[in-house]
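To start, the structure under review is shown below, and the notes come after it.
The values are calculated or read from the model by the stated rules, or taken from the named source; none is laboratory data. A quick note: this is a predicted structure, and the numbers were derived from the prediction, not measured. Ideal geometry is used to build each Cβ from the backbone, glycine not excepted, and the neighbour counts take in all protein chains shown.
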Amino acid sequence: MFAVIQTGGKQYTVAPGDEISVEKLEGQAGDNIVIENVLMLGGDKGVTVGAPLVEGASVVAELLENARDKKVIVFKKRRRQNYRRKAGHRQWFSKLRIAEILEPGAKKPAAKKAAPAKTAGDADTKPAAKKPAAKKAAPKKAAGETKAAAKKPAAKKAAPKKAAAKKPAAKKSED
């Protein structure tokens with residue numbers, strides 16, 4: 001039996017016992033994750049294609065680890081412009097082992113932690129509860145800081161301005 005599932009914006013063909021790497025999922029190593037986005041089921045009875053999902057079908061997987069992938073180097077260059085940029089990126093991923101594929105109407109197993117798989121790309125349906133903002137206290141000053149602030153000298157007064165020099169009167173020429 002096999003199934004085509006969707007998680008993290010990508011599609012995977014899986015069978016029981018397969019190990020796959022998917023976009024990071026929330027949870028700890030050893031947790032069971034139920035993926036309910038099943039696009040297609042195939043087996044002895046034939047193929048069932050969903051429109052877009054197969055109703056009631058799910059895939060149970062065990063979360064083996066959350067880790068980071070190999071580093072990918074991103075290098076940009078524009079010739080004759082003295083422009084070079086180098087950056088590295090390590091993407092988070094989750095390694096899953098497919099435990100079983102449940103057909104529509106099959107009884108779901110009692111899982112250690114059965115939660116629908118959420119990824120960073122999935123939108124939350126419920127708004128987050130607002131927490132009341134805690135009042136922040138002013139930072140306490142050390143004993144030496146308060147005394148030093150009190151002993152500061154007063155600012156100097158501005159010097160008086162000098163009077164502008166008078167220009168000599170123009171002499172009248174006698175012709």
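For the reader, a short list of remarks on this structure follows.
- Filter result for Glu26 (surrounded by 14 or more Cβ atoms within 10 Å (Cβ to Cβ), in contact with a Gly (Cβ under 9 Å, 6 or more places away or on another chain) and among the charged types (D, E, K, R)): no
- For segment 72-110, a residue qualifies if it is over 19 Å from Phe2 (Cβ atoms) and either among the small types (Gly, Ala, Ser) or touching a Phe, Trp or Tyr at 6+ places or on another chain (Cβ under 8 Å) (or both), and the qualifying residues are Lys76, Lys77, Arg84, Arg85, Lys86, Ala87, Gly88, Ser94, Ala110.
- Unique match (being surrounded by 10 or more Cβ atoms within 10 Å (Cβ to Cβ), touching a strand residue (DSSP E or B) at 6+ places or on another chain (Cβ under 7 Å) and either aromatic (Phe, Trp, Tyr) or modelled with pLDDT under 95 (or both)) among Lys95, Lys112, Lys77: Lys112
- Of all the residues in segment 29-54, those that are closer than 14 Å to Gln11 by Cβ, surrounded by fewer than 17 Cβ atoms within 10 Å (Cβ to Cβ) and not small (Gly, Ala, Ser) number 3.
- Strands (runs of 3 or more DSSP E) contained entirely in segment 1-65, each with at least 1 residues that are of a type in the set (S, T, N, Q), modelled with pLDDT of 95 or more and within 30 Å of the chain's Cα centre (by Cα): 2-7, 10-14, 19-23, 32-35
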